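J.: Sharing a structure with you now.
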Amino acid sequence: MKKSQLARIEKLISPFRITSGKGFRLKDIDPRSTGGLDSEDKDEAKEMLGRGVEWLAEQQDMLYAQDHWGLLLVFQAMDAAGKDSTIKHVTSGINPQGCAVTSFKQPSSEDLDHDYLWRYSRNVPARGQIGIFNRSYYEEVLVVRVHEELLHRQKLHPSLITKNIWRDRYEDIGNFEKYLDRNGILVLKFFLHVSKAEQKRRFMERLDRPEKNWKFSASDVAEREHWSDYQMAYEEAIRNTASKHAPWYVVPADNKWFTRLVVAAAVVDAMAALKLHYPVVGAVKRRELAAARGRLEAG
Ligand code: ATP
Ligand code: MG
C-alpha cells in the first residue's frame, strides 16, 4: 500500500480511535458524522471500501502463510447499529478458511459453570487467522452491568460480588488483551455508535417491511428503554479498556456506508503495520524445489 494511501486512511480513522480512556466522552463523537465526506463522496467511499477489502484479502493470505500473527476484531453495538452488515462487507473478500465469526448470545448453562472469560478465550483466533466476535467479553460489563440480575445468575459466591466488581472486570479484560498482544494476537475493538433516533427509524423499517420483519424482536424495544444506562456502560467500558495495543474505534453508525469505510480502513491500517510478506524459503527448501522440478520434467 502506498504511503499516500496510508496517510489518507490515517486521517479518516484517527478521530474515532481511542487509545487512552482518560477524558473520553461518548458525546464527543457524533453518530451522524461522515468525517467531512458528503453524499457526493459516497461513490468514491464505496470504491475505496472495495479496494480496501481486496487488499485485506491479499494480506490475509500472507497472514496465513507467515503463521505468526492472529487478528481479533471485536464488534459491540446497540441493536440495529449494523454489526452484521458491517462484518459481512469487511470480510467479503476473505478466504473463509482463514476467518471465523463467533456470535455471543446469552451464556449457556455450561458457560455459566466457568469463569466468565472462558467461552471467549476458547474462540480467540489461532495464528494466521482472523477472528471476529459479534458481541464479546465486553457484554460482561455492558448487558450484565445494566441488568444486574444477570450477574447473580453467574454462580459467583456472594463474597465475590463486591462493589468493585466492574472496576475489577475492566482490569481482567485489560490483562486479557495485554496477554493476547504479548502472544501476537492483535485486538481491535469497534463500537458502532448509532443514535437513538436512527435506531428508532431502523426498528420502524423492520416493522414496516415484510422482508425485514424477521429481524424484529420485541426484546429490542425493551432494551431500548435502558438506552442511557447502556450509553453510560459503554462510556465507562471504553474509558477503562482503551489502550495502544487494543484500541477502541467509536465508529459513527447512522450512515452505513461511512461505518463500513471506517471499519475497513482501521483493519487495513492495523494489517499494514504488521508489514506482512510471504515467507522466504531458505537454501534447503530451494534445493528441494529444484529436485522436485527435475523429477517432474523427467517425466
Ligand atoms: P441480531 O439481533 O442482529 O441477530 P444480536 O447480537 O443482538 O444480533 P440477539 O440474539 O438479538 O443477537 O441477542 C443476543 C443477546 O445476548 C443480546 O441482548 C446480548 O446483550 C445478550 N448477551 C450476550 N452476551 C451476554 C452475556 N454474557 N450475558 C448475558 N447476556 C448476553
Ligand atoms: Mg438483537
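J.: Gaussian network model of the chain, Cα springs within a sub-10 Å range: biggest mean-square fluctuation belongs to which of L112, L151, L160?
T.: Evaluated over the chain, the most mobile residue of the options is L160.
J.: Moving on to the next point. If one takes the longest principal axis of the Cα atoms in the chain, at what angle in degrees, from 0 to 90 and to the nearest 10, does the Cα axis of helix 165-182 lie?
T.: In the chain, helix 165-182 runs at an angle near 0 degrees to the longest axis.
J.: Can I ask one more? Report, in debye and to the nearest 20, how large the dipole of region 3-298 comes out about its Cα centre when Lys and Arg carry +1 and Asp and Glu carry -1 on their Cβ.
T.: Approximately 620 debye in magnitude.
J.: Return the single residue from P125, P158, P107 with maximal mean-square fluctuation; model: Gaussian network over the chain, springs between Cα atoms under 10 Å.
T.: So, out of P125, P158, P107, the one fluctuating most is P158.
J.: With a ≥ b ≥ c taken as the square roots of the eigenvalues of the C-alpha gyration tensor of region 205-278, please select rounded if a/c is under 1.5 and otherwise prolate if a/b is larger than b/c or oblate if it is not?
T.: oblate
J.: Okay, moving on. For a quick check, take a GNM of the chain with Cα springs below 10 Å and name the residue from S217, S108, S136 with the largest mean-square fluctuation.
T.: Greatest mean-square fluctuation among the candidates belongs to S108.
J.: Once Lys and Arg get +1 and Asp and Glu get -1 on their Cβ, which of S108, L12, A126 lies farthest toward the positive end of the dipole of region 1-153?
T.: L12
J.: Which residues in region 123-149 have a backbone N closer than 17 Å to a point placed 7 Å from the Cα of E110 along the Cα-to-Cβ line?
T.: Within reach of a label on E110: 123-124.
J.: Sticking with this structure for a sec: Find me the longest stretch of the chain that has none of the exposed trypsin sites (Lys or Arg not before Pro), where exposed means in a DSSP loop (not H, G, I, E or B) with at most 10 other Cβ atoms within 10 Å. Each step should come with its number before you reach the end.
T.: Working: sites that count: K2, K22, R25, K105, R122, K155, K163, K244, K275.
Excluding the exposed sites themselves, the longest stretch runs over 164-243.
J.: Mean residue ellipticity at 222 nm from the helices of the chain, using -39,500 (n - 2.57) per DSSP H segment of n ≥ 4 over the full residue count, to the nearest 500 deg cm²/dmol?
T.: -15000 deg cm²/dmol
J.: Related question: What are the ³J(HN,Hα) couplings of region 128-139, residue after residue, when phi is run through the Karplus curve with 6.51, -1.76, 1.60 and θ = phi - 60°? Round to Hz, x for glycine and proline.
T.: With the stated coefficients, region 128-139 comes to x, 10, 10, x, 10, 9, 8, 6, 6, 4, 5, 4 Hz.
J.: While we're here: Between R295 and Q66, what's the calculated FRET efficiency when r is the beta-carbon distance and R0 is 30 Å? Round to 0.05.
T.: 0.60
J.: Name the residue farthest towards the positive end of the dipole of region 211-297 from the options I238, V251, A290, assuming +1 on Cβ of Lys and Arg, -1 on Cβ of Asp and Glu, about the Cα centre.
T.: A290
J.: Sticking with this one: If each Cα of the chain is one equal point scatterer, what is log10 of I(q)/I(0) from the Debye formula at q = 0.07 Å⁻¹?
T.: Reported log10 I(q)/I(0), two decimals: -0.31.
J.: On to the next question. Specify the angular offset, from 0 to 90 degrees and rounded to the nearest 10, of the alpha carbon long axis of helix 256-273 from the longest principal axis of the alpha carbons in the chain.
T.: Between the helix axis and the principal axis of the chain, the angle is about 50 degrees.
J.: Report the calculated FRET efficiency for A272 and N123 (r = Cβ-Cβ distance, R0 = 35 Å), to the nearest 0.05. Spell out each step's value before the answer.
T.: Working: r = 26 Å, r/R0 = 0.73.
Plugging the Cβ-Cβ distance into 1/(1 + (r/R0)^6) gives 0.85.
J.: For a paramagnetic label modelled at 7 Å from the Cα of S20 toward its Cβ, which residues of region 218-239 fall within the zone defined by backbone nitrogen distances under 18 Å?
T.: Under 18 Å, as judged by backbone N against the label point of S20, lie 238-239 of region 218-239.
J.: Relative contact order, percent, of region 3-298 when contacts are C-alpha pairs under 8 Å separated by at least 6 residues? Please list the in-between numbers first.
T.: On the way: 387 pairs, mean separation 104.8, N = 296.
Dividing the mean separation by the residue count of region 3-298 yields 35 percent.
J.: Hey, what angle do you get for helix 3-13 against the long axis of the chain, alpha-carbon based, 0 to 90 degrees rounded to 10?
T.: Relative to the chain, helix 3-13 is tipped by roughly 10 degrees.
J.: At a Förster distance of 45 Å, what's the computed FRET efficiency of R167 paired with E58, Cβ-Cβ distance as r, to 0.05?
T.: Efficiency computed from Cβ-Cβ geometry: 0.60.
J.: When a/c is below 1.5 the answer is rounded, else prolate if a/b is larger than b/c, else oblate, so apply that to region 155-276 with a ≥ b ≥ c taken from the square roots of the Cα gyration tensor eigenvalues.
T.: Cα axes put region 155-276 in the oblate bin.
J.: Something else about it: I'd like the antiparallel share, as a percent to the nearest 5, of DSSP beta bridges with both residues in region 3-298.
T.: That works out to approximately 10 percent antiparallel.
J.: What percentages make up the Cα-Cα pair-distance distribution of region 53-170 when the bins are 10 Å wide from 0?
T.: In order of increasing distance, the bins hold 12, 38, 28, 17, 5, 0 percent.
J.: Over the Cα atoms of region 23-111, what Rg and Dmax result, in angstrom?
T.: 16.8, 51
J.: To the nearest Å, what is the center-to-center distance of region 153-177 and region 44-118, using C-alpha atoms only?
T.: If we compute the Cα centre of each part, the gap is 27 Å.
J.: Roughly how many Å is it from the Cα centre of region 190-234 to that of region 235-299, as a whole number?
T.: Each part's Cα centre sits 33 Å from the other's.
Read-outs throughout are calculated quantities, based only on the coordinates presented, and are distinct from any laboratory measurement. The structure presented is a predicted model; accordingly, all values stated were derived computationally and were not measured. Positions of Cβ are generated from backbone atoms using ideal geometry, with glycine treated the same way; all protein chains shown enter the neighbour counts.
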